[in-house]
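Some notes on the structure that comes next.
The values are calculated or read from the model by the stated rules, or taken from the named source; none is laboratory data. Remember, it's a predicted structure, so these values are computed and weren't measured experimentally. Cβ sites come from the backbone with ideal geometry, for glycine too, and all protein chains shown count toward neighbours. Note: accessible area is taken over every heavy atom of the protein model, side chains too, but ligands, DNA and RNA are not part of it. Shrake-Rupley method; radii C 1.70, N 1.55, O 1.52, S 1.80 Å.
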Amino acid sequence: MLLKISRWFIYAALLSPMFVARGLFFPFVTAKQIYFRFCVEGALAFFFFYLIGEIFSRNEQRIKNTLAALKHHLLHPAILSISAFGVLMVIASFFSQNPSFSFWSNFERGDGSFQILHYVLFAILIKVLFTNEKSLYHLIIAQIIVSIPVSMYAFGQMLADQSGQSYFIAASERVSGTLGNPSYLACYLIFNLAFILYVVLKTKDSLLKYALLTLGLLQIFLIFKAQTQGAFVGGVIGILFFAFHTYFTSENEKIKKIGLWIGGVSVALIILFLGTKDLAVWKKVPLINRMADISAAYNNVKPRFWTWGSAVEGIWEKPILGWGLENFPYSFDKYYNPLHYGRESFFDRTHNLFLEYFSGGGILAFFAWLSAIFFYYRSIIKRKNSVLKSILLSVPIMYLVQGLFLFDVLAIYISFFLFFIFGINTSLENEPELKEGVAIESSPLNYATMILTCAAMLLLAYTTSWMPLRRNTLITNALKSSAVFTYQLVNKLEQTVTPKMVIEDFHKAIDYPSPVGKGEAIQMYEKFIVDLINLIAQTPNSETNPNAILQVKALLADINSIVDENPNVAPGIKDRYFNAGINIRAGVAFKIPEAILRGRKMLEEDLRIYPRRIELILLLLELAQATGDKQLQNQWTPRAVELRGDLFTTSTTSTVAK
């Protein structure tokens, strides 16, 4: 029974991608992450209870068989590799510049090394609990079922974009489903199409075949509507590999012809497209229209190239353990390419799967990740030639190619590891299975062990799930209060929400002792402070009104003290840059010299560490122009011109920004 409950938790974990919590801060991320962790921890707890029962069963043969089966599964090279990957990522986090953020991450991303451990445990538990093709088949059916609401939400977004109604979040021309990003959806559906194809080949139920083929066609349509170029290129390369591998390895003439037909048609379509890409017809086809405009596609991807350059330079500085997961902003800021300015100035990810793991965990974790893929392919290559073998070989190619422009997120991790373990476990014959144990023997030691385990799991769930969820709702409440305050003020309604009430709500969110989300609470509070100062500035003669100046000083003192007390709450310079900007602009507008001095000092300190950050220099030049400080202007203008001369025009008297 304990093994069965553990398996149920794994089934439940598959539901994670479908959750969207409209009432939470980052509705596409938070609920998924917390729910997934809860399911994995539940599966692990009941599996541990099972092991307690087995180890203390006093049946030597049973203990021997259980330990032998565990050893067989856990010592598989691919499992050892992903286990090493998870452990090394944790080690890299502890040795990183910002260990806490690297370990816990934030609400926006949620993929620190703590979450990575849960993905690794998810894969290991599938390896141990689902050892035969029959059990994995049912797991894949569940995964396909979950993809239906994910897909239906995408159709809802598509219809909402056309009708203008707002029930579906993130409704736009490019659909993202319940995943919140079109690129994530495309990669998720690529894996799901592989699962659908497997079940179609496996099942003898005609009705199920037609239903799955219909679902597959709809999801292919959604991939086109997601308009993700990386996934499209990966899909094309994977299809070509599948087609020609099937043709050259199959002994069935009918299957060989199908493989040749798929490959031939694919090549013909590629040639046709390349030869006629300028025709108007391609502009009417979603996704293809983006591929047809080569110059626009290149222009869109240029920031990724610049970001990769920053990542490579950072890797050269810290090659062994890297910068730590979620700490890429430090590398990005230090080796910043000034061409980003005016496009996308802040990247928290490398947007490249390979560089992400190399930068986050160094060569050790990166090698462990590559080793897992190597041992996967070694297992698949040993299989007898079949259509399934071609699928198992080609889909990871699609994943890796699209990964050149993306990074992994929860839905992709789940799909990848399910596919990964399915390929390994079905490639091996006579995989040992764990047998459902007898009831746990009644003894003080057993009960004490179970009670301590339950207490530890409850404490873990409270600390890592409930507390982050509580802070998340506090941030949401503060944002709602600020929205109501602004709406009532702008529309001259009765003020049921005052600035003091909003500030108190933000302080509750900031002060709540959750390991996750403090940086985001501070960021949202800073934005409210900016809005509040702007509202004060709009009142007549506010810059000379003593009460207005005192209000601004109080607001600055509050947010500055919070920022100073939490210097490492988020990686990189983004928060300090924002705080410096608040102080400089408010200081100039309300003639507060101490605010100006603080902002200038912060910028100059950061420029000593991040000398390529032209945004900091431009803010100093803005200050120089506003205050008439020629010395400051002469000090930083040459460096700004050196970094981005195209932003400036040279006159006979001076160099000025365009």
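For residues in the stretch 249-269 being within 19 Å of Arg383 (Cα to Cα) and crowded, with 17+ Cβ neighbours inside 10 Å, which is nearest to the chain's Cα centre (by Cα)? Break it down into steps so the answer makes sense when it comes.
As a first pass, look at the stretch 249-269 and keep what is within 19 Å of Arg383 (Cα to Cα): 249-252, 255-256, 259.
Adding the requirement that they be crowded, with 17+ Cβ neighbours inside 10 Å leaves 249-250, 255, 259.
On the way: Thr249: 38, Ser250: 39, Ile255: 39, Gly259: 35 Å.
Across the stretch 249-269, the extreme among qualifying residues is Gly259.
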Looking at the stretch 364-375, is at least one residue among the aliphatic types (A, V, I, L, M), more than 25 Å from Gly234 (Cα to Cα), modelled with pLDDT of 95 or more and more than 21 Å from the chain's Cα centre (by Cα)?
yes
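Which ranges mark the helices (runs of 4 or more DSSP H) fully within the stretch 1-88 that have 3 or more residues being buried (at least 17 other Cβ atoms within 10 Å of the Cβ) and of a type in the set (A, V, I, L, M)?
Details: elements: 2-13, 30-55, 60-74.
Result: 2-13, 30-55.
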Looking at (1) buried (at least 21 other Cβ atoms within 10 Å of the Cβ); (2) modelled with pLDDT under 95; (3) more than 19 Å from the chain's Cα centre (by Cα), which is the only condition Asp111 fails?
(3)
When Ser93 is evaluated against the numbered criteria (1) modelled with pLDDT of 95 or more; (2) of a type in the set (Ser, Thr, Tyr); (3) assigned to a loop (DSSP other than H, G, I, E, B), which criterion, by number, is the only one it fails?
(3)
Determine which single condition Ser359 fails, assuming it passes every other condition in (1) under 22 Å from Phe103 (Cα atoms); (2) touching a His at 6+ places or on another chain (Cβ under 9 Å); (3) among the hydroxyl-bearing types (Ser, Thr, Tyr).
(2)
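Anything in the stretch 254-269 that is of a type outside the set (Lys, Arg) and more than 12 Å from Ile239 (Cα to Cα)? List them, or say none. If you could, list the steps in order and put the result at the bottom.
Of all residues in the stretch 254-269, those of a type outside the set (Lys, Arg) come to 255, 258-269.
The answer is Ile255, Ile258, Ala268, Leu269.
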Tell me whether the stretch 122-135 contains one or more residues that are open to solvent by 40 Å² or more (accessible area, probe 1.4 Å), of a type in the set (Asp, Glu), out of contact with any helix residue (DSSP H, G or I) (no Cβ under 7 Å at 6 or more places or on another chain) and in contact (Cβ under 8 Å) with a residue 60 or more places away in the chain.
yes
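Residues are listed down the side, and each one gets a yes or a no for (1) without any contact (Cβ under 8 Å) to a residue 60 or more places away in the chain; (2) outside any helix (DSSP H, G or I); (3) open to solvent by 10 Å² or more (accessible area, probe 1.4 Å); (4) of a type in the set (A, V, I, L, M, F, W, C):
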| residue | (1), (2), (3), (4) |
| --- | --- |
| Ile363 | yes, no, yes, yes |
| Ser371 | no, no, yes, no |
| Leu392 | yes, no, no, yes |
| Ile397 | no, no, yes, yes |
| Leu404 | no, yes, yes, yes |
| Ile412 | no, no, no, yes |
| Leu418 | no, no, no, yes |
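Table: residues versus (1) at pLDDT 95 or above; (2) under 27 Å from Ile549 (Cα atoms).
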| position | (1), (2) |
| --- | --- |
| Asn583 | yes, yes |
| Lys601 | yes, yes |
| Asp629 | no, yes |
| Arg644 | no, no |
| Leu647 | no, no |
| Ser651 | no, no |
| Ser654 | no, no |
What is the one condition in (1) open to solvent by less than 50 Å² (accessible area, probe 1.4 Å); (2) farther than 30 Å from Arg343 by Cα that Leu287 does not satisfy?
(2)
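Can you pull out the residues in the stretch 302-347 that are of a type in the set (A, V, I, L, M) and closer than 24 Å to Gly645 by Cβ?
To start, the set of residues in the stretch 302-347 that are of a type in the set (A, V, I, L, M) comprises 311-312, 315, 320-321, 325, 339.
If the condition is that a residue be of a type in the set (A, V, I, L, M) and closer than 24 Å to Gly645 by Cβ, then Leu339 is the only one that fits.
What are the residues in the stretch 295-339 that are within 18 Å of Asp606 (Cα to Cα) and either part of a helix (DSSP H, G or I) or without any contact (Cβ under 8 Å) to a residue 40 or more places away in the chain (or both), if any? I'd like the intermediate steps shown before the answer.
Pass one, the stretch 295-339, residues within 18 Å of Asp606 (Cα to Cα): 310, 314, 327-338.
Of everything in the stretch 295-339, those that are within 18 Å of Asp606 (Cα to Cα) and either part of a helix (DSSP H, G or I) or without any contact (Cβ under 8 Å) to a residue 40 or more places away in the chain (or both) turn out to be Ser310, Gly314, Phe328, Pro329, Tyr330, Ser331, Phe332, Asp333, Lys334, Pro338.
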Which of the following residues is open to solvent by 60 Å² or more (accessible area, probe 1.4 Å), aromatic (Phe, Trp, Tyr) and under 24 Å from the mean Cα position of the chain (by Cα): Phe328, Phe305?
Phe305
Checked pairs for the stretch 492-520, first without any contact (Cβ under 8 Å) to a residue 24 or more places away in the chain, second not basic (Lys, Arg), C-beta under 6 Å and 6 or more apart or across chains, list as Gln495/Gln488; Val497/Ser481; Val497/Val484; Val497/Phe485
All but one of (1) open to solvent by 60 Å² or more (accessible area, probe 1.4 Å); (2) in contact (Cβ under 8 Å) with a residue 40 or more places away in the chain; (3) of a type outside the set (Ser, Thr, Tyr) hold for Asn352; state the number of the condition that does not hold.
(1)
